[in-house]
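**Student:** First the structure, then my questions, so here it is.
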Amino acid sequence: MKCTVASVLAGFVLMVGTASSAGAGAIHEFYPEDYDAHEHFATGEGFCVPWAGTFHEVRTGGYKLVLPPGGRDPGELHINGVINGLVELVPDNASLPTYSGTYREKVNGVVTESTNEGDVERVGQYRLRSTLTGTDGSTLALHLAGKVTINANGVATVSRDVFTCS
């Protein structure tokens, strides 16, 4: 998720630069996300499970960017998004349970000029919760939250992810 938020924030810096000189109305842009990937993990490296297997994630949704007229700062940009996802943990050993579940990720951020030197800071945060149900009836509760701040040079100055599983 962190890479997604960072990509959204960094990728829309151009919109701030070009849209801040646009007309008086709010500018709205929608950027869809459509993602389907598999990643194998070794024993001890998986999310919440000690065994080797494959992590499969499907994400659909998008991000809406709004450049409001008369924002707090010139060129202020708001980013809001909702991503619906499916997660599966499939063990290499077929005798172990496969876990699957859905989630809804909410992303929000704002880009503002925030320093006396006119440097632009981009801040984004996200949160995700999901309960994965195993083929044996057991459950895993996933919680992921994070924050990303990117300075005017495109360098992440804050990158914090908190992942818990129970």
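The values are calculated or read from the model by the stated rules, or taken from the named source; none is laboratory data. Computed from a prediction, not measured in an experiment: that's the story for all the values here. Neighbour counts run over all protein chains shown; Cβ positions are idealised from the backbone, glycine included. Ligands, DNA and RNA are excluded from the accessible area calculation, which covers all protein heavy atoms including side chains. Shrake-Rupley method; radii C 1.70, N 1.55, O 1.52, S 1.80 Å.
**Student:** Looking at the range 30-56, which of its residues are surrounded by 11 or more Cβ atoms within 10 Å (Cβ to Cβ), modelled with pLDDT under 95 and of a type in the set (Gly, Ala, Ser)?
**Tutor:** 46
**Student:** Residue check: is residue 97 part of a loop (DSSP other than H, G, I, E, B) and loosely packed, with under 14 Cβ neighbours inside 10 Å?
**Tutor:** It is false that residue 97 is part of a loop (DSSP other than H, G, I, E, B) and loosely packed, with under 14 Cβ neighbours inside 10 Å.
**Student:** Does at least one position in the range 57-69 carry a residue that is part of a strand (DSSP E or B) and modelled with pLDDT under 85?
**Tutor:** Yes, the range 57-69 contains a residue that is part of a strand (DSSP E or B) and modelled with pLDDT under 85.
**Student:** Working only within the range 50-64, note down all residues that are within 18 Å of residue 129 (Cβ to Cβ) and of a type in the set (A, V, I, L, M). I'd like the intermediate steps shown before the answer.
**Tutor:** If we filter the range 50-64 for residues that are within 18 Å of residue 129 (Cβ to Cβ), which is where we start, we get 55, 57-61.
Hit for the range 50-64 is 58, nothing else.
**Student:** Kindly establish whether residue 126 is at pLDDT below 80, among the hydroxyl-bearing types (Ser, Thr, Tyr) and assigned to a strand (DSSP E or B).
**Tutor:** Here the answer is yes, as residue 126 does meet what is asked.
**Student:** Kindly provide the set of residues from the range 140-156 that are open to solvent by 40 Å² or more (accessible area, probe 1.4 Å), more than 22 Å from residue 103 (Cα to Cα), in contact (Cβ under 8 Å) with a residue 24 or more places away in the chain and not hydrophobic (A, V, I, L, M, F, W, C), ordered by number.
**Tutor:** Passing the criteria: only 154.
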